[in-house]
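Asker: First the structure, then my questions, so here it is.
Taken together, the values in this text are just the output of simple stated rules run on the coordinates, not laboratory data. Small disclaimer: the values here were computed from a predicted structure and weren't measured. Cβ placement follows ideal geometry from the backbone for every residue including glycine, while neighbour counts extend to all protein chains displayed.
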């Protein structure tokens, strides 16, 4: 099978990550329980007349994909694959609101048309003129990983050469209210730099769009090689170390081969112990990083961790703000990204320096 490389990245997040020349030199610190993205100047990427008709998630996805394509030096790709937990939830809320307010009469279809989960992938393909494979995965907190698995399979088997993948989720007011009611969002405002010391249940909710150009052809500016990814719907704390050991063994590695471990800690006292099992156990002598204090929690937040791993391996620098322990490496060769959400949908992704 062919090797797969990350050749371009584009990120719209709660940090100023849309500028690929920078790498977390300046960090925005929040004190809230729900945060929103730092918007780029959308007019620089999308004609204003078109942007006015687009939902926020569509604009974020369009711009992040354009940044990733420009970064890779490509004008088009063979396929577009996205992952999203809730799709264009703001338009879904608008449509349902109008449905109730108008007593199911005289409804305009615009919000309904733009509310479907595959709207972002479709708009990107239309903008590029890409008539190839176009698919959207809606698998809760492993939606992005599902898109990644699909892309890896096609590229490794030489079915396609360049694929654009991404994870997109936007914050809807009503959806956030529901998450607050069921205690998935923290009740209190938390300073993002003190997230892991909050000692309360729930997470800081957010939104974002992170896109990547994957290819089975290595370029001079490639970020990293993706070795493998694997997901588990359910995995007990007791079996977690064994699952990671097995995953590494399948890829001819062991724990000692991992230079850097990136964890998805989100400050939820009920579920962060999954990460503690690794950070205090098998990987206690490994450099550990985290990222959800920067981007917040959303269904495709792992895509921000994927962005972080890509930048680490290319720049060979570790920003102080993402360090979870004081261990340092002379160089970063192999990175393991682990995420889970509320004890379910566990994912492992393995990266290697080109």
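Asker: If you scale each eigenvalue of the Cα gyration tensor by 5 and take the root, what three semi-axes come out for the chain, rounded to whole angstrom and sorted largest first?
Answerer: 30, 25, 18
Asker: Could you work out the relative contact order of the stretch 227-352? I mean the mean sequence separation of Cα pairs under 8 Å and 6+ apart, divided by the number of residues, in percent.
Answerer: Rounded, it is 40 percent for the stretch 227-352.
Asker: For the ranges 233-246, 203-216, 335-348, what's the packing order if you count other beta-carbon atoms within 10 Å of each residue, average per peptide, and put the highest first?
Answerer: 203-216, 335-348, 233-246
Asker: While we're looking at this one, here's another question. What FRET efficiency do you get for residue 156 and residue 31 if R0 is 30 Å and r is their Cβ-Cβ distance, rounded to the nearest 0.05?
Answerer: E(calc), rounded to 0.05, equals 0.10.
Asker: Using just the helices of the chain, give the 222 nm mean residue ellipticity in deg cm²/dmol: DSSP H runs with n ≥ 4 each add -39,500 (n - 2.57), and the total is spread over all residues, rounded to 500.
Answerer: -8500 deg cm²/dmol
Asker: Okay, moving on. Between residue 276 and residue 233, 0.36 nm times their residue separation minus their Cα-Cα distance comes to what?
Answerer: 13.5 nm
Asker: With both bridge residues required to lie in the chain, what share of the DSSP beta bridges run antiparallel, to the nearest 5%?
Answerer: Taking every DSSP beta bridge within the chain, about 60 percent pair in antiparallel fashion.
Asker: Taking a ≥ b ≥ c as the square roots of the eigenvalues of the Cα gyration tensor of the stretch 19-73, is the shape rounded (a/c under 1.5), prolate (a/b larger than b/c) or oblate?
Answerer: Because a/c hits 1.5 or more and a/b fails to exceed b/c, the stretch 19-73 counts as oblate.
Asker: Further, regarding this structure: Considering only DSSP beta bridges whose two residues both sit in the stretch 227-352, what percent are antiparallel, to the nearest 5?
Answerer: Within the stretch 227-352, antiparallel bridges account for around 65 percent of the total.
Asker: Under the rule a/c < 1.5 gives rounded, and otherwise a/b versus b/c splits prolate from oblate, where does the stretch 75-193 land using the Cα gyration tensor?
Answerer: Judged from the Cα gyration tensor, the stretch 75-193 comes out oblate (a/c at least 1.5, b/c at or above a/b).
Asker: Just how far, in whole angstrom, is the stretch 164-188 from the stretch 109-143 if you go by their alpha carbon centroids?
Answerer: Rounded to whole Å, the Cα centres lie 20 Å apart.
Asker: Looking at the stretch 4-215, send over the antiparallel percent of its DSSP beta bridges, to the nearest 5.
Answerer: Antiparallel bridges: around 60 percent, rounded to the nearest 5.
Asker: Could you tell me the center-to-center distance, by alpha carbons, between the stretch 1-44 and the stretch 284-354 in angstrom?
Answerer: 14
Asker: A follow-up question, please. What order do you get for 289-299, 179-189 when each peptide is scored by the mean count of other beta carbon atoms within 10 Å, highest first?
Answerer: The packing order, highest mean first, is 289-299, 179-189.
Asker: From Cα pairs below 8 angstrom and at least 6 apart in sequence, can you work out the relative contact order of the stretch 4-215, rounded to a whole percent?
Answerer: Dividing the mean separation by the residue count of the stretch 4-215 yields 35 percent.
Asker: Okay, moving on. Using the alpha-carbon centroid of each, what span in Å lies between the stretch 58-87 and the stretch 201-272?
Answerer: Here the two parts' Cα centres lie 21 Å apart.
Asker: Please list 105-113, 155-163, 78-86, 117-125 highest first by mean number of surrounding beta-carbon atoms within 10 Å per residue.
Answerer: For the peptides 105-113, 155-163, 78-86, 117-125, the packing ranking is 78-86, 117-125, 155-163, 105-113.
Asker: Tell me whether the stretch 227-352 comes out rounded, prolate or oblate; compute the Cα gyration tensor, take square roots of the eigenvalues as a ≥ b ≥ c, and use a/c under 1.5 as the rounded threshold.
Answerer: rounded
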